[in-house]
Amino acid sequence: MSHGWVRQVIPGLYTVDKSPFSDARGSFHKILHERPANFRQVDFDEIYWSSSEQNVARGMHLQTPPFHGRKLIFVTMGRVRDFVIDLREGSPTFQQSWETELSPESPGVMIPAGCAHGFVVVRGPAIMIYSQEGAYNRECDTGVNINSIGFLGLSPASVLSERDQQLPQLTEFVSPFIYDESEYLHWSPDS
């Protein structure tokens, strides 16, 4: 595996070192470089960013086929608790979640297709940058209610959009995603 890519417990989920270079002027961060061996080429359709105030929660979002794809995310300002849940039927980590804290100093995260993403701002404002395969499509835009996942970082003070409050509960989400083991042969967080 290339330096800087660290496999996580969910197949296809990586943290990605930003390889910072700093001097008296400031810093420079290289986001996507030195992909691991056998890593499928990344073709981003959209790059966008969000700004969120303290206690804002966003998620859990993903797109269904044919507009599904991986996301590379990172934070350039503030601090967030970041969450991913595997919604791929047949995955060894189906309906299991993963979380980490993201800040300008932390690695980015590569999220596989079929996994929903969300976060809550613990120090705001926070700016999250997204590079996404699969252009936005309103009919394919979906997710699961972040309150149904059981994350400990949410509180009654968390601010959710009306749309996110109306997303289906995890137990109600009918997944169109089927885990393809051939994409993740010999997957192990340690390999």
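The values are calculated or read from the model by the stated rules, or taken from the named source; none is laboratory data. Keep in mind it's a predicted model, so treat the numbers as computed, not measured. Cβ placement follows ideal geometry from the backbone for every residue including glycine, while neighbour counts extend to all protein chains displayed.
Things to note:
- Any chance residue 154 is surrounded by 13 or more Cβ atoms within 10 Å (Cβ to Cβ), at pLDDT 90 or above and assigned to a loop (DSSP other than H, G, I, E, B): no
- Some residue of the range 109-130 being surrounded by 16 or more Cβ atoms within 10 Å (Cβ to Cβ) and among the charged types (D, E, K, R): no
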